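What follows is a single structure, written as structure tokens, with notes after it.
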Amino acid sequence: QVQLVESGGGLVQPGGSLRLSCAASGSIVSISAMGWYSQAPGKQRELVATITSSGSTTYADSVKGRFTISRDNAKNTVYLQMNSLKPEDTAVYYCYVKTAGVYWGQGTQVTVSS
């Protein structure tokens, strides 16, 4: 089993920044990819960003230039630096890890409001 612990969500004003973290632990042999999805109320879960073991990244068009995904392979941790936040970024953010299977974090709330 693999456990994921997320942190870093909260309330921020438009234009502000937040940094999300997600640490994986447990029976981890190797991680091929890590990333983040978001789910706003009444909407489907959507991809935000992913990063592979080699460091290749993918971003949703809506966050390009504002969000940066990174990972620390030694700590099995993935980060999401979110800058220039907008009210439409408000959602629950879920991290995931792809190893032999796909595992999800519990979600962390990000609210962008004045």
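Since GLN106 meets every condition but one in (1) surrounded by 15 or more Cβ atoms within 10 Å (Cβ to Cβ); (2) under 27 Å from PRO14 (Cα atoms); (3) touching a residue at least 12 places away in the same chain (Cβ under 8 Å), which condition does it not meet?
(1)
Tell me which residues, restricted to the range 61-83, are out of contact with any helix residue (DSSP H, G or I) (no Cβ under 8 Å at 6 or more places or on another chain), over 23 Å from ALA100 (Cα atoms) and polar (S, T, N, Q).
The answer is THR68, GLN81, ASN83.
Within the set of pairs 6+ apart or on separate chains, which have a first residue in the range 27-55 that is farther than 19 Å from MET82 by Cα and polar (S, T, N, Q), a second that is outside any loop (DSSP other than H, G, I, E, B) and open to solvent by 90 Å² or more (accessible area, probe 1.4 Å), and C-beta atoms under 8 Å apart?
Pairs found: SER32/LYS98.
Can you run down the residue pairs with Cβ atoms below 8 Å, 6 or more apart or on separate chains, where the first is in the range 83-100 and farther than 17 Å from MET34 by Cα and modelled with pLDDT of 95 or more and the partner is among the aromatic types (Phe, Trp, Tyr) and open to solvent by less than 30 Å² (accessible area, probe 1.4 Å)?
Once the first residue is farther than 17 Å from MET34 by Cα and modelled with pLDDT of 95 or more and sits in the range 83-100, its partners that are among the aromatic types (Phe, Trp, Tyr) and open to solvent by less than 30 Å² (accessible area, probe 1.4 Å) give ASN83/PHE67.
Working only within the range 1-60, note down all residues that are in contact with a helix residue (DSSP H, G or I) (Cβ under 8 Å, 6 or more places away or on another chain), open to solvent by 50 Å² or more (accessible area, probe 1.4 Å) and closer than 16 Å to VAL102 by Cβ.
SER53
Consider the range 76-98. How many of its residues are more than 14 Å from the chain's Cα centre (by Cα) and either open to solvent by less than 40 Å² (accessible area, probe 1.4 Å) or within 14 Å of GLU6 (Cβ to Cβ) (or both)? Walk me through it before giving the result.
Filtering the range 76-98 down to residues more than 14 Å from the chain's Cα centre (by Cα) leaves 84-88.
Cutting the leftovers down to either open to solvent by less than 40 Å² (accessible area, probe 1.4 Å) or within 14 Å of GLU6 (Cβ to Cβ) (or both) gives us 85.
Final tally of qualifying residues: 1.
Name the residues in the range 61-75 that are open to solvent by 50 Å² or more (accessible area, probe 1.4 Å) and either in contact with a Pro (Cβ under 8 Å, 6 or more places away or on another chain) or farther than 26 Å from GLN3 by Cβ (or both), would you?
Result: ASP61, SER62, LYS64, GLY65.
The values are calculated or read from the model by the stated rules, or taken from the named source; none is laboratory data. In this text, all values refer to a predicted model and were calculated from it rather than measured experimentally. With ideal geometry, Cβ positions are generated from the backbone for all residues, glycine too; neighbour counts draw on all protein chains shown. Ligands, DNA and RNA are stripped out before the accessible areas are found, and what is left, the full protein with its side chains, is counted by its heavy atoms. Shrake-Rupley method; radii C 1.70, N 1.55, O 1.52, S 1.80 Å.
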